[in-house]
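Asks: Sharing a structure here in structure tokens format.
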């Protein structure tokens, strides 16, 4: 007899995500009768998604039940699963920081990385609340930064945390571009979130890397010359991805491609060269506003549908399952419908050479016993020394700054950015960022400022710009 | 009854070093009757140091015996200690690389880092020869890079390796500058070579960090305003050193100060600001020629003395022991004259969180049982995440490129330099460095070039410079 679940969605106003989850729950027999609690601090968006979900489920004749609240503690009560999709202050603070960094300090499309403390604070708060209210529930973390946040929650709380991301579907884009049937592909791409590498790629039982090589040798130039991205994130087969493959020996998958090294990101022409037309990948001054306005358009459309009680929501949203892993994972954990998934969970030896309490992205078997990562063993040394381990260190510095309020490691991470030109520039931009209204709202930044007063930072080192002398 | 030793010096033409060792051997009773074999490929320099050593010992009435050879295998026969002080192609290739990087590509005083493969090749060759000829001898590595080279030899051979450096004496400069009696200071500064940090600094049994803080608060500005370095390496109390202390929480010691982060090194004015007048530290276009010409002057003087059979060598060299650790360590190992030293030896748990086969710089008790590192435990997280672990990764990438001949990690390390402006610049400088005459002499670079031909590096990625579009 299958069991229903109580699923709480934090940041449920991320409407497209929430709608996909409702669909999958409606279409998963094992989870019939489940209860969904939507929580968001934005009442309008909360109301909208609750209307949409309820009516979609009714239209399909599903037995799901819904409720909504702006009270996080109330939302967590009796939860079996807590899905955290919230993105604090969202793209606004990112954009403000980017503008400050760009206009005044000449960074090209940088700055988002200063905004992550809001997210870490929220994640930790949710996990701490869960310890008190629903200590046995699973926390499914969807909002970024998944790697940093899941590691933080794993270390600081006793909650079972699993981070999910879409990036690993990049293997499907490789398969379809080079002409392989996706369902005959066997693959593995472990690493850290946004830093995963295709260690295994088999087609009909044989190593399919030679097929990638053949495509590169015979078709890639034509593809790069003619391909025009339809989505900002369409970069899996870009010149930049192939270049990383050649440099590091394994194909980078999904969001991994967007990173790779500072030299892919110095300016818009460089980015277009590596990531293609028309946006130069998802992280440019062309792509980002498009991405955000596209999100806004979809919200507008969904709001219209929510307020039109006659709208056919099944016609709008369809009735095929999405490819999201969330609902199948819940079904696996609750109803023992076993499956293989790509998850972000504490390492504990899954990948050799990384700390046990660091969250890694690996394949896992999920069933009633729990989420059981595969031991994938070693990654090649070039991947470890050039990508996985440097990323680990960056996150440790960030978490250290977050935890201690020691501003020096914040400064260090700004200095570590290749576009930073001098010590004084780094100090100045950090000082200004601290003064942004959105930043001031966040308690931890205030704590950092207080500590900064005690921090030994003599006047001798201020106001000096080597480049001017 | 004390035992004599057979000491072989590779690269004995490093005359000042060799002369210091002769002095210490003459003045160490336990090692009376020892035999010194000088080996160098430069016959003139070899002849000079052999004459000087022999006559100095005679003048003191010492029972040391000397011989010399240009044949490395012959020099290693029956050795108890092999001191490797050689610096292949020396400052010439460094200067050529620096000039290329500077004149053509706009790097400020960079390029030395491309020259280390010569050194690694020689170190490994010496250690391999020792395995065949004198497998029980200790190898004392003095030529740089000590960290990388000792790690390489430890991993690739069965020879007992101990690296030595002068950097840790920086604690004495701190003591004398702030007015402490050196012999009442107890200290500890573990880490990696050229990356060591003052974890403990006690004066008359009390924590003396507050005395450093007091000096900084009341006297540092005056010191920085008026102090003029007498040696190029006089930077222990510089503004840059104090700044690193404030940023990372522990005082950097010795050569550590010269590094610290790219932002101390962008141009000569910045360097003077952080490292003082008149040279801006040891690594500037002003300091380096002075340092090299100073070395040359001393060689000229020593050559003159070697050829003047009436010269009073004791008057020239003195008869106090140097502060070098080499001879006392030999005396400890052979004659059980126990002492505490600062050595570079395989980690095996001496510092937490580093691989066992990585060579670390730690205090060690030396006696007949061997070189026994102290377990110093953990270093503070900021030091680990911002300095020790990134340095480890850089060395792993370098050793990987050296071992496999895979040029991609060479390229990566060039890209990782903050002064590199674009991907194409990195490719171009590496291509040109491969063509330098001095580089072509080295077998391993040739191997890398051969492998580069097979390396997947399509034309699509060449000849593109994002900065020009």
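Asks: Have a look at A:221, A:296, A:277 and point out the one that is more than 24 Å from residue A:383 (Cβ to Cβ), in contact with a strand residue (DSSP E or B) (Cβ under 7 Å, 6 or more places away or on another chain) and either within 14 Å of chain B (Cβ to nearest Cβ) or modelled with pLDDT under 95 (or both).
Replies: So the residue among A:221, A:296, A:277 that is more than 24 Å from residue A:383 (Cβ to Cβ), in contact with a strand residue (DSSP E or B) (Cβ under 7 Å, 6 or more places away or on another chain) and either within 14 Å of chain B (Cβ to nearest Cβ) or modelled with pLDDT under 95 (or both) is A:277.
Asks: Looking only at the stretch A:302-328, how many residues end up being in contact with a helix residue (DSSP H, G or I) (Cβ under 7 Å, 6 or more places away or on another chain) and either part of a helix (DSSP H, G or I) or at positive phi (or both)?
Replies: Looking only at that region, the number is 10.
Asks: Okay, moving on. Which condition from (1) closer than 30 Å to residue A:399 by Cβ; (2) surrounded by 19 or more Cβ atoms within 10 Å (Cβ to Cβ); (3) within 23 Å of the chain's Cα centre (by Cα) is the one that residue A:134 breaks?
Replies: Among (1) closer than 30 Å to residue A:399 by Cβ; (2) surrounded by 19 or more Cβ atoms within 10 Å (Cβ to Cβ); (3) within 23 Å of the chain's Cα centre (by Cα), residue A:134 violates only (3).
Asks: Only one of B:260, B:240 is within 23 Å of residue B:383 (Cβ to Cβ), within 14 Å of another protein chain (Cβ to nearest Cβ) and in a loop (DSSP other than H, G, I, E, B). Can you tell me which?
Replies: Only one candidate qualifies: B:260.
Asks: Mind telling me which of the residues B:209, B:248 ends up being in contact with a helix residue (DSSP H, G or I) (Cβ under 6 Å, 6 or more places away or on another chain) and within 14 Å of another protein chain (Cβ to nearest Cβ)?
Replies: So the residue among B:209, B:248 that is in contact with a helix residue (DSSP H, G or I) (Cβ under 6 Å, 6 or more places away or on another chain) and within 14 Å of another protein chain (Cβ to nearest Cβ) is B:248.
Asks: Hey, another quick one. Answer yes or no: is there a residue in the stretch B:385-399 that is facing chain A (nearest Cβ under 9 Å) and in contact with a strand residue (DSSP E or B) (Cβ under 8 Å, 6 or more places away or on another chain).
Replies: Within the stretch B:385-399 (the criterion being facing chain A (nearest Cβ under 9 Å) and in contact with a strand residue (DSSP E or B) (Cβ under 8 Å, 6 or more places away or on another chain)), the answer is yes, since at least one residue qualifies.
Asks: Here's another thing I want to ask about it. I need the full set of residues from the stretch A:243-257 which are part of a loop (DSSP other than H, G, I, E, B) and on the phi < 0 side of the Ramachandran plot, in order please.
Replies: Within the stretch A:243-257, A:250 is the sole residue that qualifies.
Asks: Output the number of the condition that residue A:342 fails; it satisfies all remaining conditions of (1) surrounded by 21 or more Cβ atoms within 10 Å (Cβ to Cβ); (2) at pLDDT below 95; (3) not in a helix (DSSP H, G or I).
Replies: That leaves (2) as the condition not met.
Asks: Which of the following residues is modelled with pLDDT under 80, in a helix (DSSP H, G or I), closer than 30 Å to residue A:269 by Cα and more than 8 Å from every other protein chain (Cβ to nearest Cβ): B:460, B:428, B:452?
Replies: Selected residue: B:452, the only one of B:460, B:428, B:452 that is modelled with pLDDT under 80, in a helix (DSSP H, G or I), closer than 30 Å to residue A:269 by Cα and more than 8 Å from every other protein chain (Cβ to nearest Cβ).
Asks: Next question. Which one of the conditions (1) under 28 Å from residue A:117 (Cα atoms); (2) touching a residue at least 12 places away in the same chain (Cβ under 8 Å) does residue A:338 fail to meet, given that it meets all the rest?
Replies: The failed condition is (1).
Asks: Right, another one. Go through the stretch B:1-16 and count every residue that is surrounded by fewer than 20 Cβ atoms within 10 Å (Cβ to Cβ) and either within 18 Å of the chain's Cα centre (by Cα) or modelled with pLDDT of 95 or more (or both).
Replies: So the answer is 2.
Asks: Give the residues of the stretch A:265-301 that are in a loop (DSSP other than H, G, I, E, B), farther than 18 Å from residue A:227 by Cβ and over 21 Å from the mean Cα position of the chain (by Cα), sorted by residue number.
Replies: Within the stretch A:265-301, A:266, A:267 qualify.
Asks: So, residue A:372, is that one closer than 24 Å to residue A:83 by Cα and in contact (Cβ under 8 Å) with a residue 24 or more places away in the chain or not?
Replies: no
Asks: Then there's this: Scanning for something within 18 Å of residue A:137 (Cα to Cα) and outside any helix (DSSP H, G or I), does the stretch A:52-61 turn up at least one residue?
Replies: no
Asks: Within the stretch B:409-416, is there a residue that is outside any helix (DSSP H, G or I), more than 9 Å from every other protein chain (Cβ to nearest Cβ) and more than 23 Å from residue A:273 (Cα to Cα)?
Replies: Looking for residues that are outside any helix (DSSP H, G or I), more than 9 Å from every other protein chain (Cβ to nearest Cβ) and more than 23 Å from residue A:273 (Cα to Cα), one finds none in the stretch B:409-416, hence no.
Asks: Quickly run through the stretch B:159-207 and pick out the residues that are closer than 26 Å to residue B:392 by Cβ, in contact (Cβ under 8 Å) with a residue 24 or more places away in the chain and surrounded by fewer than 18 Cβ atoms within 10 Å (Cβ to Cβ).
Replies: B:166, B:169
Asks: So, one more: Exactly one of (1) closer than 29 Å to residue A:106 by Cβ; (2) buried (at least 23 other Cβ atoms within 10 Å of the Cβ); (3) within 13 Å of another protein chain (Cβ to nearest Cβ) is unmet by residue A:268. Its number?
Replies: It fails just one condition, (2).
Asks: Which residue is nearest to residue B:19 (Cα to Cα), if the candidates are limited to the stretch B:68-79 and must be outside any helix (DSSP H, G or I) and touching a helix residue (DSSP H, G or I) at 6+ places or on another chain (Cβ under 7 Å)?
Replies: By that ranking, first place goes to B:68.
The values are calculated or read from the model by the stated rules, or taken from the named source; none is laboratory data. Note that the coordinates shown come from a computational prediction; the quantities given were computed from them, not determined experimentally. Note that each Cβ is placed from the backbone with ideal geometry, even for glycine, and that neighbours are counted across all protein chains shown.
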